[in-house]
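For reference, the structure discussed in these notes is given below.
The values are calculated or read from the model by the stated rules, or taken from the named source; none is laboratory data. Given the structure is predicted, the values throughout are model-derived calculations rather than measurements. Neighbour counts run over all protein chains shown; Cβ positions are idealised from the backbone, glycine included. Ligands, DNA and RNA are stripped out before the accessible areas are found, and what is left, the full protein with its side chains, is counted by its heavy atoms. Shrake-Rupley method; radii C 1.70, N 1.55, O 1.52, S 1.80 Å.
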Amino acid sequence: MDWSFRIGRIFGIPILIHFTFLLIIPLFAWIIASQITTTTDLIREMYEVPIDMSLITAGYMPYVLGTVVSFGLFGGVLVHELAHSVIARRNGIRINSITLLIFGGVASMEDRLPDPMVELPMALVGPLTSLVIGIICSGLVYITPAITSDLGVAGVLRFLFGYLGILNIILFAFNLLPAFPMDGGRVLRAWLAKRMPLHRATRIAADIGKGFAIIFGLIGIVSLSPLLLLIAFFIYIGASQETVAVKYSVLLQDIRVGSIMSGPVITVAPTVPVTRVIEMMYATKHLGFPVVEHDVLMGMVTVADVQRMSSIDRDAMQVRDVMTRGVIAVTPETPVVDVLRIMGGKDIGRVPVVDKDRLVGIVTRSDILKVVELKEI
Ligand SMILES: [Zn+2]
C-alpha cells in the first residue's frame, strides 16, 4: 500500500505504518488527555474499584497517559492482525505484510480465491484475540495493589489497564459487525458461501458493509465527528474493492488468454510513418498496435505514444521513434485473472499475446470485461 513505511518484522512478516496512523496517535492522545477525568470516572464505575487521581492529573501526565493508551491500543491491533496472519500461514496462505491504518490494521494476503472453510477460523481468531487482551487488561485492574503500594501509581496503572481493557473489548465487538471488510463480514460470507456461490455471498456481505458505512457516515455528519466519517469512508472503499476483486476472480476462474484473445492482429512495421499509424487508428478504431518485425514483437505503439509528439514532429517520424519497447506480453496459457492484474498494476489497456516470441493475438481490457458480462448471465 502506498503512503506506508516499514518499521520492522515479526514472524518474518513486514510491519508497515500508514501515514494516517501517525496523525491519529497525537489526536488520540489529545482526546484521551482532554477527557481524562470523565474517563477515569467511567473506568472507576465499570470496574467498581477506587482510582486515585493525584498522579493521573499531575502536570503533563494526562498527555503522557493519552500517548501510552494510544500506543497500547495499536499494540493490541497489531497482535490482532498477527493472530489472523498466524492462522492464515498455518493454512498455507502467504502474508505479504501487515499495515497499521487509522482505524486499525490490515493484513495483506496472497491474492487468491478465499476458501470459506479456511476463512472462518482465520476471521474469528482476530476478534477473539482482542477479547482475550481485553479480559487480561481488565484482570490487571484488580491486581494493581499487589504490584505497588503507592496510591498514585496504582491509580495510573488502573487507569491504563482499565482503559485498554475497554478499548480491546470495543475492538472485539466492532470487528464482529457482520459487515465487510470487518472480520464479522468474513464470518458472514463464510456462512453464506455454504449456501450460494462465493461471489454472491461476497456481494451480500459487502452490501451490508456499505450499509454500515452509510449509517456511520450519517452519524458522523450529525455528530460532527471527522473520525467516524473517515472510518465510514474506509469501510465503504474496503467493501467495494472486495466485491469487485472476488467477482472477477470467480467469473474468470480457469479462463485462459488463448480462449478470449483477438487475432489475427493488425500490426505495424517499425518503419511505418507515424502519420500512417494515426490514419490506421481512425480506420480500425484500435488505439494501439503491436510493432512487429520478421514475426517478432518489437514493442507497442499506442495513442499515448503518438500524443507525446508535437504534430510537426509526427510528420517526420516513424513508428520506431515513438513506440514503447520492452512491453509486457503474455502467452495463450496465462490465466485471464493474471492479465487483469497486470493491466491494473501497469495501467495498460491491451496486452500482446506471444507464443515462442511470435505474436499470436492481443487481449484488451474490454475483451475481458465482455467475458465477465457474459459469465454473469
Ligand atoms: Zn481482524
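Some notes on this structure:
- The C-beta contact set for region 61-87 (first residue more than 18 Å from Gly134 (Cα to Cα), second residue within 12 Å of the ligand (Cβ to nearest atom) and in a helix (DSSP H, G or I), distance under 6 angstrom, 6+ apart or interchain) comprises Ile87/Met122; Ile87/Val125.
- Of all residues making up region 23-43, the number that are surrounded by 13 or more Cβ atoms within 10 Å (Cβ to Cβ), within 19 Å of Leu228 (Cα to Cα) and not small (Gly, Ala, Ser): 9
- Of Ser108, Ser97, all but one fail to be away from the ligand (no atom under 12 Å from the Cβ), at pLDDT 80 or above and in a strand (DSSP E or B); the exception is Ser97.
- Selected residue (criterion: nearest to Glu373 (Cα to Cα)) from residues of region 200-252 that are charged (D, E, K, R) and out of contact with any Lys or Arg (no Cβ under 8 Å at 6 or more places or on another chain): Arg200
- For region 44-64, the set of residues classified as open to solvent by less than 70 Å² (accessible area, probe 1.4 Å) and among the hydroxyl-bearing types (Ser, Thr, Tyr) consists of Tyr47, Thr57, listed by residue number.
- Restricting attention to region 261-290, the residues that are in contact with a Leu (Cβ under 9 Å, 6 or more places away or on another chain) and surrounded by 20 or more Cβ atoms within 10 Å (Cβ to Cβ) total 1.
- Pairs, first touching a residue at least 40 places away in the same chain (Cβ under 8 Å) in region 163-177, second among the polar types (S, T, N, Q) and within 11 Å of the ligand (Cβ to nearest atom), C-beta under 6 Å, six or more apart: Asn168/Ser130; Leu171/Ser130; Phe172/Ser130
- Residue within region 151-165 that is in a helix (DSSP H, G or I), modelled with pLDDT under 85 and open to solvent by 40 Å² or more (accessible area, probe 1.4 Å) present: yes
- When Val291 is tested against the conditions (1) within 40 Å of the chain's Cα centre (by Cα); (2) in contact (Cβ under 8 Å) with a residue 60 or more places away in the chain, the lone failure is (2).
- With respect to the conditions (1) of a type outside the set (Asp, Glu); (2) away from the ligand (no atom under 13 Å from the Cβ); (3) open to solvent by 70 Å² or more (accessible area, probe 1.4 Å), Leu128 lacks only one, and its number is (2).
- Selection over region 76-94 of residues that are away from the ligand (no atom under 14 Å from the Cβ) and either modelled with pLDDT under 80 or β-branched (Val, Ile, Thr) (or both) gives a count of 2.
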